[in-house]
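Here the structure is laid out as structure tokens; the discussion comes afterwards.
The values are calculated or read from the model by the stated rules, or taken from the named source; none is laboratory data. Nothing here was measured: the structure is a model prediction, and the numbers come from that model. Cβ coordinates were reconstructed from backbone atoms using ideal geometry, including for glycine residues, and neighbour counts include every protein chain displayed.
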Amino acid sequence: MDELGGLCNLKLTYRETPTREIEILRAVTSDTRVLLPETLEGSPVTALGDHAFAPNALPVGGIETELTGGKTDAPFDNTKIREIFLPSRLERIGSYAFYNCSGLQKVHLSDSIEQWGGNIFMNCRQLHFFTINMKRMQGTTLYNIAIELRQEFVAELQYSDGTVSRLLFPEYDEYHEENSPAHQFDYVIEGCGYTYRHCFKNHEFSPASYDGMWTDFLKSARDTETALKLAWYRYSTPVELSAGAKKNYFDYLCGHSRDLLSWLLENEDNSGLSFFLKNTAPERSVLEEMSERARRNHQTEAQAILLEHMQRQFPARSRTFDL
């Protein structure tokens, strides 16, 4: 087995395709944060094979190599992977590629992927965040993720001009329930996230369709936090956001300003905190409560932002004296 320098510790089995591109057939790691190489032997990595990262997958024939990112005593165990960066020229992901990667939480990839196998993220129940490099302004990567995952997840779309759009897809569940008297099984869908899996046209994301679901979503939303995050991501990263939809999200956020400010503090999102306060006027009691919370949590910058806004919104009256 050859040993090459790398950014993390990986044992790879791969093959070279007839077009002199690389398909990774198997990969195991001892790291929690994995960066797959862009090239091997000077050829671009363009494919992941079936069960490529699946723990305990059967061995396959191919060229073996090991990438070393520093000595470690940690065992090679793909269930410990938390975050993975896929090659920017990846075009194909095989079926069950990350099957049973139970610790996986974040995936960074590109919209260059055109061929998707089945059940790629099966049993990746902690997977809740994706960044997608949108090289072509549109692509089908988000569609293929959305139709596979039932759990809530956030997709951050990164465009070539530096624009970023964050989208939340709520969770849903589907199952068959026995209807005993009728001796049949009823197909049941629970959760408002199911409709958000259909905001695509020709497998490309449709912002108008996504925003058009907001009113019905509020009628069935189970918790305020999900609605807050959905509205906040769309309002604060308004790619192709119509004036009407922007107002709908803004009105909801203003009506739940205390909850939103609390969530922003909890996530230490000082830039978001500043952005929201520049466009709104929360009640003084809310600002005082959030400022005190920031003080107790030693969030100095957040406290300064809140106090500065409170001074602008509620300036202290100058005192005058009669002599």
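Can you find a residue in the stretch 97-105 that is in a loop (DSSP other than H, G, I, E, B), within 23 Å of residue 44 (Cα to Cα), aromatic (Phe, Trp, Tyr) and out of contact with any Ser or Thr (no Cβ under 7 Å at 6 or more places or on another chain)?
Filtering the stretch 97-105 down to residues in a loop (DSSP other than H, G, I, E, B) leaves 97-105.
If we keep only those that are within 23 Å of residue 44 (Cα to Cα) too, we end up with 97-98.
Keeping just the survivors that are aromatic (Phe, Trp, Tyr) gives 98.
Within this subset, residues satisfying the condition of being out of contact with any Ser or Thr (no Cβ under 7 Å at 6 or more places or on another chain) are 98.
Yes, because at least one residue in the stretch 97-105 is in a loop (DSSP other than H, G, I, E, B), within 23 Å of residue 44 (Cα to Cα), aromatic (Phe, Trp, Tyr) and out of contact with any Ser or Thr (no Cβ under 7 Å at 6 or more places or on another chain).
Taking the stretch 1-21, which residues are among the acidic types (Asp, Glu), buried (at least 17 other Cβ atoms within 10 Å of the Cβ) and at pLDDT below 95?
none
Would you say residue 209 is part of a helix (DSSP H, G or I), within 25 Å of the chain's Cα centre (by Cα) and free of Cβ contacts under 8 Å to residues at least 12 places away in the same chain?
It is true that residue 209 is part of a helix (DSSP H, G or I), within 25 Å of the chain's Cα centre (by Cα) and free of Cβ contacts under 8 Å to residues at least 12 places away in the same chain.
Quick one: in the stretch 132-169, which of the residues that are in contact with a strand residue (DSSP E or B) (Cβ under 7 Å, 6 or more places away or on another chain) and of a type in the set (Val, Ile, Thr) is surrounded by the most Cβ atoms within 10 Å (Cβ to Cβ)?
This residue is 141.
Taking the stated definitions as given, is residue 132 modelled with pLDDT of 95 or more and under 18 Å from residue 233 (Cβ atoms)?
In short, yes.
Scanning for something out of contact with any Pro (no Cβ under 9 Å at 6 or more places or on another chain), within 30 Å of residue 161 (Cβ to Cβ) and charged (D, E, K, R), does the stretch 255-262 turn up at least one residue?
No, the stretch 255-262 has no match at all.
Output the number of the condition that residue 237 fails; it satisfies all remaining conditions of (1) of a type in the set (Val, Ile, Thr); (2) within 21 Å of residue 195 (Cα to Cα); (3) surrounded by 15 or more Cβ atoms within 10 Å (Cβ to Cβ).
That leaves (2) as the condition not met.
Quick one: which helices (runs of 4 or more DSSP H) sit completely within the stretch 220-323 and have at least 3 residues that are touching a residue at least 40 places away in the same chain (Cβ under 8 Å) and either in contact with a strand residue (DSSP E or B) (Cβ under 9 Å, 6 or more places away or on another chain) or aromatic (Phe, Trp, Tyr) (or both)?
Passing ranges, in order: 224-236.
Can you tell me how many residues within the stretch 149-165 are closer than 21 Å to residue 222 by Cα and either touching a residue at least 60 places away in the same chain (Cβ under 8 Å) or not in a strand (DSSP E or B) (or both)?
Adding up the residues that qualify gives 5.
Can you go through 312, 293, 319 and tell me which one is modelled with pLDDT under 95, surrounded by 10 or more Cβ atoms within 10 Å (Cβ to Cβ) and of a type in the set (Lys, Arg)? Outline the logic, then answer.
Numbers: 293 fails: modelled with pLDDT under 95; 319 fails: surrounded by 10 or more Cβ atoms within 10 Å (Cβ to Cβ).
It is 312.
Mind checking which residues of the stretch 22-73 are surrounded by fewer than 16 Cβ atoms within 10 Å (Cβ to Cβ), assigned to a strand (DSSP E or B) and not aliphatic (A, V, I, L, M)?
33, 39, 43, 64, 66, 68
Of the numbered conditions (1) in a loop (DSSP other than H, G, I, E, B); (2) at pLDDT 95 or above, residue 145 satisfies every one except a single condition; which is it?
(1)
Select, from 113, 120, the only residue that is assigned to a loop (DSSP other than H, G, I, E, B), modelled with pLDDT under 95 and touching a strand residue (DSSP E or B) at 6+ places or on another chain (Cβ under 7 Å). So that I can check it myself, show each step before the final result.
Values: 120 fails: modelled with pLDDT under 95.
Answer to the selection: 113.
For residue 94, state whether it is under 24 Å from the mean Cα position of the chain (by Cα), modelled with pLDDT of 95 or more and of a type in the set (Gly, Ala, Ser).
Numbers: under 24 Å from the mean Cα position of the chain (by Cα): yes; modelled with pLDDT of 95 or more: yes; of a type in the set (Gly, Ala, Ser): yes.
Criteria met by residue 94.
Tell me which residues, restricted to the stretch 50-67, are within 17 Å of residue 16 (Cα to Cα) and small (Gly, Ala, Ser).
If the condition is that a residue be within 17 Å of residue 16 (Cα to Cα) and small (Gly, Ala, Ser), then 52, 61, 62 are the ones that fit.
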